[in-house]
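Some notes on the structure that comes next.
Read the figures in this text as sums done on the coordinates, not as results from a lab. Model, not experiment: these values are computed from the prediction. For neighbour counting, all protein chains shown are included, and Cβ atoms are generated from backbone atoms with ideal geometry for every residue, glycine included.
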Ligand code: S3P
């Protein structure tokens with residue numbers, strides 16, 4: 001299967017860790033969309049949000065999606081909000097199969113505790129409520145995946161094995 005394997009899902013669902021593992025196992029290249037945006041912009045996601053705001057970040061994200069979806073044989077970890085944009089979804093769907101990782105909000109809360117990495121959850125004393133609200137808003141976007149796995153109680157290794165079995169790769 002030459003198609004890209006594209007991981008979508010909320011912050012803290014484990015897209016980056018799983019993506020690296022999967023790429024390694026399958027001998028594919030790995031692209032983390034957030035890291036690509038940071039490299040291209042020469043600054044962290046946090047700085048991009050601080051200096052230019054979310055709208056500008058979304059433009060950079062769209063550009064990054066356009067670039068990676070031209071490539072093949074990759075594992076791609078997207079950002080939690082990438083699939084809010086219909087054009088991003090169209091391009092990603094054309095370039096491969098979309099796998100959604102889901103996780104219970106309380107576990108997302110624990111996994112995203114470290115500050116300074118996620119502008120949408122930082123400086124927020126109602127983080128769990130924000131997580132639940134965003135999850136509800138985004139459910140419809142995440143439901144566009146070809147395959148969905150709940151990662152709440154699974155290790156990256158177990159998830160990887162499940163994906164390989166499901167797609168026979
Ligand atoms: C975002 C998720 C982040 C990053 C940015 C916006 C979102 O990616 O793209 O902070 O809108 O959910 P991760 O899902 O990799 O944390």
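Give, in whole angstrom and from largest to smallest, the semi-axes √(5λ) of the equivalent ellipsoid of region 72-169, with λ running over the eigenvalues of the Cα gyration tensor.
In descending order the semi-axes read 25, 17, 12 Å.
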Modelling each spin label as a point 7 Å along the Cα-to-Cβ direction, I'd like the residue 148/residue 166 distance in nm, to one decimal. 1.1
With Rh as the Kirkwood radius over Cα pairs, region 39-115 has Rg/Rh of 0.99
Along principal axes, largest first, the alpha-carbon spread of region 27-69 in whole Å comes out as 37, 17, 11
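Viscosity 1.306 mPa s, temperature 10 °C: Stokes-Einstein D of region 62-104 from its Kirkwood Cα radius, in µm² per second?
146
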On alpha carbon coordinates alone, what is the Rg over Rh value for the chain, Rh being the Kirkwood radius? 0.94
Could you work out [θ]222 nm for the chain from helices alone, using -39500 (n - 2.57) per DSSP H run of at least four and dividing by all its residues? Round to the nearest 500 deg cm²/dmol. -17000 deg cm²/dmol
Convex hull volume per residue for region 1-62, taking Cα atoms only, in Å³: 100
What is the diffusion coefficient of region 95-136 in µm²/s, taking the Kirkwood radius over Cα pairs and the Stokes-Einstein relation at 4 °C with a viscosity of 1.567 mPa s? 113
